[in-house]
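Shown next, in C-alpha cells, is the structure this report addresses.
The values are calculated or read from the model by the stated rules, or taken from the named source; none is laboratory data. Values in this document were obtained by computation on a predicted structure and should not be read as measured data. Here Cβ is always computed from backbone atoms with ideal geometry, including for glycine, and neighbour counts include all displayed protein chains.
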Amino acid sequence: MKANVAGLTLAIVALLCLGALAEDRPNNTPPEGFTNLFNGKDLTGWRGRQQDLSPYKEAAFSKEDHEAKQAQWNADFKKHWRVDAEKGEIVNDGKGVYCTTDKDYGNFEMYIDWLMVSHNGDSGVYLRTYPQVQIWDPDNPREVKNGAPKGSGALWNNNPDNPGKWPLVKADKPIGEWNTFHIKMVGNKVWVWFNDKLTVDGQVLDNYFDRSKPVLPTGPIELQTHGSEMHFRNIYIKELPAGEGAHASAVKSTSKKNHG
C-alpha cells in the first residue's frame, strides 16, 4: 500500500513539473514540428492586405497594379499594426488592413494566442484569405442578434445551414485574458480546438466570396482587424501533406501545444 501511495505521489509531482515547464516555456517558441510565423521582434513574413479582398479579384490585378496596391496596403499596415517586443506580441489598434502572411498555405495545422483588450470587440483568423475563425465578445449587446452569446471559435461566415457556423461549446475566457486557437485545415474542412475544447469538428469552410464554389486550395493566413484593439502571440504552423485529407479526423493532434 505504501509503495502504491509513493508511486502515486511521484506521478503527481511529475505532472506538476511538466505543467511548470510548459508555463516557463518562452513565448513565440514553437513546439517540435511547427514553424514560428511570428518571431516576437518584428513583422518579418507579414504584409498588409485590403480588408475582405476577394482572392479572385486580387488574382486579376496586373503585376503593376498589384505592386502599387501592395505598397499602399503596406503603408497602412505600418500605421495600425506594431510589435511589442518586450512582451512578444503583435498589436493592432482596431483599424487598417489585415495582417497577412507572405506565404500561402494549403493543408495545415496551427496555433495562435489572442487577447481582446476591451469589451464589445470583434476580430478573427482568416484561413487561405477566407473568413473566418470568429473572435468576438460573447457579451456584446450589439451582437446578440448575430449569435455572439454562443461564443468565439467557429466559422461564423459559413452558410446558415452549415453546423460549423456555431461553436459546439462556449469556451471564451473573460475579456482581458489570453485565449488559444488550435486550428487544422485539410482540403475545405476545418477543425478548431478553442482553449482545448473542440468547437468545430471537421466542417466545411464555405466560400464567402463565391458560395457556389469550394474555397481555393491555397492562400495566406490573415489576422482580421474589426474596430477593437487586439493582441496576438505564439503563432505556429505546420504544413500537412496532401494525403492527410484521407485520414483527417476530430482526434486532437498528438503535437499538443506546450508553450505556456
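Details
- Condition check for residue 172: surrounded by fewer than 20 Cβ atoms within 10 Å (Cβ to Cβ), more than 22 Å from residue 40 (Cβ to Cβ) and among the charged types (D, E, K, R): no
- Counting residues in the range 214-235 that are in a loop (DSSP other than H, G, I, E, B) and without any contact (Cβ under 8 Å) to a residue 40 or more places away in the chain gives one or more.
- Being of a type in the set (Ser, Thr, Tyr), within 24 Å of residue 209 (Cα to Cα) and free of Cβ contacts under 8 Å to residues at least 24 places away in the same chain is a description that does not apply to residue 54.
- Some residue of the range 202-209 being crowded, with 17+ Cβ neighbours inside 10 Å, in contact with a helix residue (DSSP H, G or I) (Cβ under 8 Å, 6 or more places away or on another chain), closer than 28 Å to residue 85 by Cα and in contact (Cβ under 8 Å) with a residue 24 or more places away in the chain: no
- Within the range 85-142, the set of residues being among the hydroxyl-bearing types (Ser, Thr, Tyr), closer than 30 Å to residue 240 by Cβ and in a loop (DSSP other than H, G, I, E, B) comprises 129 only.
- Inter-residue pairs, beta-carbon under 7 Å, first basic (Lys, Arg) and in the range 72-95, second at pLDDT below 95, 6+ apart: 95/225
- Qualifying residue in the range 238-245 (condition: crowded, with 17+ Cβ neighbours inside 10 Å, in a strand (DSSP E or B) and touching a residue at least 40 places away in the same chain (Cβ under 8 Å)): yes
- When residues of the range 48-85 are limited to those that are among the basic types (Lys, Arg) and surrounded by fewer than 17 Cβ atoms within 10 Å (Cβ to Cβ), the one farthest from the chain's Cα centre (by Cα): 63
- Some residue of the range 28-41 being at pLDDT 95 or above and either touching a helix residue (DSSP H, G or I) at 6+ places or on another chain (Cβ under 7 Å) or part of a helix (DSSP H, G or I) (or both): no
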